Amino acid sequence: MARWLALGAVAGPVLFTLSWLVLGLMSPGYTLFGAWISPYSSVSQPISGLGLGSTGPWMNAAFVLGGFLTLAGVVGVFRTVAPGGRPAARRACAALLALSPLGMVVAGIFTLEAVFPHLIGFLLAVGTPVVGFLACGLFLRGIPGWRRLGGWMLLGSPLTLVLVVLFFWTFDPVAAGSGLGVAGLTQRVLSVEVHVWFMAMGLLAFRRSKA
C-alpha cells in the first residue's frame with residue numbers, strides 16, 4: 001500500500017500542472033474585486049487567477065485534489081524510507097513536506113479574493129519546502145539508495161528560496177491585472193521546480209520498494 005501511495009507524489013503535481021496549462025489556454029478572463037481582467041495571460045498573471053471566473057471550479061478542484069494526492073504521496077514515501085530507523089527524523093521530514101500540499105488545499109478552498117488565507121496557502125505550498133527540502137536532504141543522505149537524491153535536495157532548498165524571492169520581486173498586482181510583467185511565468189517555474197522534487201521522491205520510493 002505504501003508503495004502505491006507514494007505515486008500520489010507524482011499524480012498530484014502532474015494533475016495540478018496539466019490543469020493550469022490547459023485552463024490557462026481556455027480562460028476568457030476573470031472578475032477580481034469587481035474588476036474584469038481579460039485576456040488571461042499565463043506570463044503575467046498568477047495561477048490563482050484561474051481559480052476565478054469560468055475556470056474557477058476546475059482549477060480550485062485541481063488545487064484541492066492535487067494537494068491531497070501529493071499529501072498521500074508524502075505519507076507513502078516516508079512509509080517506505082528507513083522504516084526501522086530514525087523514526088523521529090522520518091516523522092519530522094514527512095511533517096515538513098506535508099505542509100506544501102496542505103498549502104495547495106488551502107489555496108484551492110480560499111480563492112484569490114480571500115487574500116489573507118490564500119496567501120497563507122501559497123506560502124505553505126512554496127515557502128515551507130525551503131526548509132523541508134534541506135531537512136529531508138540531510139535525512140536521506142544517510143539512507144542507502146537515497147543518498148544521491150538527498151544530495152540533490154540540499155541544492156533544491158536554496159534553489160527554491162531563490163525562485164520564491166524572484167517571484168515576489170517580479171510580482172506587481174497592478175501590472176499583473178493589466179497583463180504586464182512576468183510574475184505568472186516566474187510563479188509557474190517555481191511551482192514546477194517544487195513539484196519536481198516531490199515527483200522524484202515518489203518515483204524513487206515506488207521503484208525501491210518494488211526492488
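The values are calculated or read from the model by the stated rules, or taken from the named source; none is laboratory data. Small disclaimer: the values here were computed from a predicted structure and weren't measured. Neighbour counts run over all protein chains shown; Cβ positions are idealised from the backbone, glycine included.
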- Task: Tally the residues that are in a loop (DSSP other than H, G, I, E, B) and either touching a helix residue (DSSP H, G or I) at 6+ places or on another chain (Cβ under 6 Å) or among the small types (G, A, S) (or both), restricting the search to region 1-22.
- Result: 2
- Matching entry among R86, R79 (being touching a residue at least 24 places away in the same chain (Cβ under 8 Å), surrounded by fewer than 20 Cβ atoms within 10 Å (Cβ to Cβ) and either out of contact with any helix residue (DSSP H, G or I) (no Cβ under 9 Å at 6 or more places or on another chain) or on the phi > 0 side of the Ramachandran plot (or both)): R86
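Which one of L65, L69 is within 30 Å of R148 (Cβ to Cβ) and modelled with pLDDT of 95 or more?
Step by step, each of L65, L69 is checked, and only L69 is within 30 Å of R148 (Cβ to Cβ) and modelled with pLDDT of 95 or more.
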- Task: Name the single residue, out of those in region 28-56 being closer than 20 Å to V14 by Cβ and assigned to a helix (DSSP H, G or I), that is farthest from the chain's Cα centre (by Cα).
- Result: T55
- Query: Restricting attention to region 132-179, which residues are part of a helix (DSSP H, G or I), surrounded by 20 or more Cβ atoms within 10 Å (Cβ to Cβ) and over 20 Å from the mean Cα position of the chain (by Cα)?
  - Reply: F139, L140, A176
- Of all residues in region 36-74 being of a type in the set (F, W, Y) and free of Cβ contacts under 8 Å to residues at least 40 places away in the same chain, the one that is nearest to H195 (Cα to Cα): W58
